[in-house]
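If you scroll down you'll find the structure; I have some questions about it.
The values are calculated or read from the model by the stated rules, or taken from the named source; none is laboratory data. These numbers were taken from a predicted model, which means no experiment stands behind them. Cβ atoms come from the backbone with ideal geometry, glycine included; neighbour counts cover every protein chain shown. Ligands, DNA and RNA are stripped out before the accessible areas are found, and what is left, the full protein with its side chains, is counted by its heavy atoms. Shrake-Rupley method; radii C 1.70, N 1.55, O 1.52, S 1.80 Å.
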Amino acid sequence: MTTATAPQAGDHHEAGTPMTVTTERPTAAAPAAARPARVRPRGERGPLGTALLHGALVLASLIALFPVVYIGFVSLGPGEMDYLHPGDIFGKASLANYSKVLGDTDFFSWFGNSVIVAGGTTVVGVLVAASTGYAVSRMRFPGHRQLMWTLLLTQMFPIAVLIVPMYTILASLQLLDSYLGLILVYSGTTVPYCAWLLKGYFDTIPVEIDEAGRVDGLSPFGTFWRLIMPLARPGLAVAAFYSFLTAWAEVAFASTFMLSSGKYTLAVGLQTFVSEHDHQWNLMAAAAVLIALPAALVFYLVQRHLVTGLTAGAAKS
Amino acid sequence: MAVAVQGATGKGSRGREPRPGFVQRLRISYSKYWYAYAMIAPVVIVLGVLVGYPLVQGVYYTLTDANSLNVGRQIGVNHIPDSFRFVGFDNYADVLWGPGSYERFWSHFVWTVAWTAICVCLHYSIGLGLALLLNQKLRGRGVYRMLLILPWAVPTFVTVFSWRLMLADGGAINGILGTLGLPEPAWLSEPLAQKAAAIIVNTWVGVPFMMISLLGGLQSIPGELYEAAEMDGASAWQQFRYVTLPGLRNVSSTVVLLGVIWTFNQFAVIFLLFGAGAPDAQILVTWAYRLGFGQMPRDYAQSATYGVLLLSILIVFTSFYRRWLARTEQANG
């Protein structure tokens, strides 16, 4: 089924998507020309239009899903080289790789480490980004422009090049091989984007709310914490999603800064399956699926908020 | 960074009355803005220590011949001091017009620019197309939306790993191409196919962010504008050109800027897809990483020089981009 539709996905997608604008609108415009008095002709669509629309979206969804499904499928093949002949997996699919990863490796301690680091990054990152975003959104203090510019600037610096100096700094602060060190490094990379995002979100919350809070005797911190933070939940959810994913999936820093195998995060532990003399691709695939699951869960929890949260952020900044 | 904030403090208070002394101005601004400064202090400290300071040190390294043999280090209890020399701008000269600079820098530079332009165009156009589709009234919209954002939720190294298996000789992609009777390129070993593979994977990774941001932007365009346009007899294309695109202006300018910055510095996709191979498909970031970490002795000075050049390219681009935005904004009224 998948193999039957995926080929069309390939050639339809490139040509189809940019053209959707033109394929879509004419059907909508036709009734408009015939009956200009109709209030919402845009919602009207012939059966052909609807079929095309669903077709394009199904195709796009297949392309989006295929690599994810594929790795899940490969993870079922028990042999190390099964990925080379995915067709053979059908006959002998089993969960052996999963039980091996869960039972015979340090998966659970890596998992715990990843939860601590990603959770810590999310909490620290979102709180710091929220207070920064709020300050920039509401207070016209001298230097706020320079601050936003600096935040954008930190996004530009290729992080790969910062690793060496960061390593020396963490070493001198005694933060190597510690959760806090990694959390701070990750916060440094996620906060700038989250602060931009949240600044945009705070901009959409009416200033009158802050003023009302002040009149009731709240301090600026109190207004921020008790009134604005609860209102900004969609924005916070997106920022949390972004921070969590960044920390959960990061490889380069984690492998450089976490030295003892007891402190490995999942992303680092994963690499131990494939070394120079050992190619356990099947275990790697299973572990990869297990790593993707919590990320998918977080995603499921926040996906309702994604559109509103990102919109406000991007639309206003 | 702290310097920038401090420096601006002096200028900030506009003298309505005779200008007070510097110390007093500081005190006034402190009592007026201390809340703001307290709220941004954590970010300034974290970024100052973990980005600002390394940046300064990196810039300093570019002026020396530092590598892993002559930088001070700790071996057991013995501390070996720094022994690298100050060489001025030799590193920059060497990278930009030294012998073999085309193979070492300019070829990667051209590819990086092409890579960024192609990827961002694909991200934006596919993202916009999908956002327009998702913005239609139709059944199952929420499900489609969720499925289409999924690539974003899966950690990059997992998806790149999956793509590697799919793109391998005899992998799923070539299997499909083979059954269709199309040529089966060696995605992971031929230079041109490597580049195409990198672009395909990065497009797949980056579209969901664009799509969701643009979808949000579409939803914030008031429906009355379309009604008005229809009343004026605007065609579908005209509506798209004169209502949708201007309505998306703010969102577009932000996501395109971020997209360019992120794609330009996209490390994970190329690094994980090809590892140490594929010298032709390396963009400047992965090339700089290789100079600094992927060889012995590690050439810190060259790697940092690449870093500073990358940063300057992006800063120049951003300031031109913003100026261009401001100009078109004025032109459009």
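Apply the a/c threshold of 1.5 to the C-alpha gyration tensor of the range B:219-333 and tell me whether it is rounded, prolate or oblate. Provide the component values of the computation, followed by the final result.
Values: a/c = 4.91, a/b = 2.61, b/c = 1.88.
It comes out prolate by the Cα gyration axes.
Keeping all protein chains in place, calculate the accessible area per residue for chain B (probe 1.4 angstrom), answer in Å². Let's see the in-between values first.
Details: 15970 Å² over 333 residues.
Here the residues of chain B average 48 Å² of exposed surface.
Additional query: GNM on chain B, C-alpha springs below 10 Å: top fluctuator among B:Ala236, B:Ala93, B:Ala117?
So, out of B:Ala236, B:Ala93, B:Ala117, the one fluctuating most is B:Ala236.
Of the accessible area of the protein assembly as shown, with the probe set at 1.4 angstrom, what percent is carbon plus sulfur?
Roughly 65 percent, rounded to a whole number.
Kindly identify the protein assembly as shown as rounded, prolate or oblate by the Cα gyration tensor criterion: order the square roots of the eigenvalues as a ≥ b ≥ c, call it rounded if a/c is under 1.5, otherwise compare a/b with b/c, prolate if a/b is larger, else oblate.
It is oblate, given that a/c is not under 1.5 and a/b is not larger than b/c.
Could you identify which residue out of B:Val285, B:Val308, B:Val56 has the top mean-square fluctuation in a GNM of chain B using Cα springs shorter than 10 Å?
Checking each option, the largest mean-square fluctuation is seen for B:Val56.
Rg/Rh for chain B to two decimals, with Rh computed the Kirkwood way over all alpha-carbon pairs. Don't jump to the answer; show the numbers that get you there.
Details: Rg = 25.4 Å, Rh = 24.3 Å.
Using Cα coordinates only, the ratio equals 1.05.
Let me check something: with ligands and nucleic acids excluded, how do A:Trp149, B:Trp187 order by accessible area (1.4 Å probe), largest to smallest? Intermediate values should be presented prior to the final figure.
On the way: A:Trp149 85, B:Trp187 30 Å².
From most exposed to least exposed: A:Trp149, B:Trp187.
Could you tell me the relative contact order of chain B? Use alpha-carbon pairs under 8 Å, at least six residues apart, and round to a whole percent.
23 percent
To the nearest 10 square angstrom, how much accessible area does B:Ser319 have with a 1.4 angstrom probe?
40 Å²
Quickly estimate the mean residue ellipticity at 222 nm for chain B, helices only: each DSSP H run with n ≥ 4 gives -39500 (n - 2.57), and the total goes over all residues, rounded to 500. Spell out each step's value before the answer.
Details: 15 runs with 224 residues, N = 333.
One gets -22000 deg cm²/dmol as the mean residue ellipticity at 222 nm.
Could I ask something else about it? Counting only complete DSSP H runs, which helices of chain B cover 27 Å or more along their long axis at the Cα atoms and score a mean Kyte-Doolittle of 1.0 or above?
B:107-134, B:191-219
Among B:Pro42, B:Pro246, B:Pro155, which one shows the highest mean-square fluctuation when chain B is modelled as a Gaussian network with alpha-carbon springs under 10 Å?
In this elastic network of chain B, the residue with the biggest mean-square fluctuation among B:Pro42, B:Pro246, B:Pro155 is B:Pro42.
Taking only protein heavy atoms and a 1.4 Å probe, what accessible area per residue, in Å², does the range A:112-248 have with all protein chains in place?
Averaged over the residues of the range A:112-248, the accessible area is 35 Å².
What FRET efficiency comes out for B:Asn78 versus A:Asp177 if R0 is 30 angstrom and r is the Cβ-Cβ distance? Round to the nearest 0.05.
0.90
A follow-up question, please. Please check chain B for the longest run free of trypsin sites (Lys or Arg not before Pro) that are loop-located per DSSP (anything but H, G, I, E, B) and have at most 13 other Cβ atoms within 10 Å.
B:140-333
Estimate for me the total accessible surface buried between chains B and A (protein heavy atoms, probe 1.4 Å, no ligands or nucleic acids), in Å² to the nearest 100.
Accessible area lost upon association: around 9400 Å².
Compare B:His79, B:His123, A:His54 by solvent-accessible area with a 1.4 Å probe and give them largest first, with all protein chains kept in place.
Reading off the accessible areas and sorting them downward yields B:His79, A:His54, B:His123.
When the solvent-accessible surface of protein heavy atoms is calculated with a 1.4 angstrom probe, in what order do A:Ile209, B:Ile45 fall, highest first?
The ranking, largest first, comes out as B:Ile45, A:Ile209.
Here's something else I'd like to know. Please name which of B:Leu272, B:Trp187, A:Ser219 has its Cα lying farthest along the dipole of the protein assembly as shown towards the positive end, using unit charges on Cβ (Lys, Arg +1; Asp, Glu -1) and the Cα centre as origin.
A:Ser219
If you take the square roots of the eigenvalues of the alpha-carbon gyration tensor of the range B:37-145 and sort them as a ≥ b ≥ c, do you get rounded (a/c under 1.5), prolate (a/b over b/c) or oblate?
Verdict is oblate for the range B:37-145.
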